[in-house]
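Working notes for the structure below.
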Amino acid sequence: ADKLSFTISGDDALGADILLVYFVPNAETDVQRGENNGRKLRGVNIVTRIESFGAVSAGAKPHELEIPTGGVAVLVQQKNHGRILGAGSFINKPL
């Protein structure tokens, strides 16, 4: 219940990078200065951190990570910033 599990498989993804993109699904900011002073600005899917999670290996390998406070997207990307081969996301919604 405290872990997020996912599996990556596919011969075309062998050696591809696995990236975790953490984000805040929704946020509001009370602006105190500047041209937007006194306004509330709303942001959606604000990326807070991107980290490498290794590379895709042969066979269907299950992975686990701690459930994030906000959201996380898992990207499978060809080496050297190539094309995205697959993606999935999870948003932790409080009960």
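Some notes on this structure:
- Test set (1) more than 22 Å from residue 8 (Cβ to Cβ); (2) touching a residue at least 60 places away in the same chain (Cβ under 8 Å) - residue 31 fails condition number: (2)
- Pair list, Cβ < 9 Å and 6+ apart or interchain, from the range 64-93 residues that are without any contact (Cβ under 8 Å) to a residue 40 or more places away in the chain and within 19 Å of residue 4 (Cβ to Cβ) to residues that are open to solvent by less than 30 Å² (accessible area, probe 1.4 Å) and small (Gly, Ala, Ser): 87/73; 89/71; 89/73; 92/70; 92/71
- Qualifying residue in the range 8-27 (condition: under 11 Å from the mean Cα position of the chain (by Cα) and among the aromatic types (Phe, Trp, Tyr)): yes
- Elements of type strands (runs of 3 or more DSSP E) in the range 15-95, at least 3 residues being in contact with a strand residue (DSSP E or B) (Cβ under 6 Å, 6 or more places away or on another chain) and either aliphatic (A, V, I, L, M) or open to solvent by less than 80 Å² (accessible area, probe 1.4 Å) (or both): 17-30, 40-55, 71-77, 84-91
- Unique residue being modelled with pLDDT under 95, of a type outside the set (Phe, Trp, Tyr) and within 19 Å of the chain's Cα centre (by Cα) when the list is 60, 73, 55: 55
- Identity of the residue in the range 1-14, within 15 Å of residue 71 (Cα to Cα) and loosely packed, with under 10 Cβ neighbours inside 10 Å, that ends up modelled with the highest pLDDT: 5
The values are calculated or read from the model by the stated rules, or taken from the named source; none is laboratory data. Only a predicted model underlies this, so the values are computations on that prediction, with no experimental measurement involved. When we count neighbours, we look across all protein chains shown, and the Cβ atoms used for this are built from the backbone with ideal geometry, even at glycine. These accessible areas exclude ligands, DNA and RNA; they are computed on the full protein's heavy atoms, side chains included. Shrake-Rupley method; radii C 1.70, N 1.55, O 1.52, S 1.80 Å.
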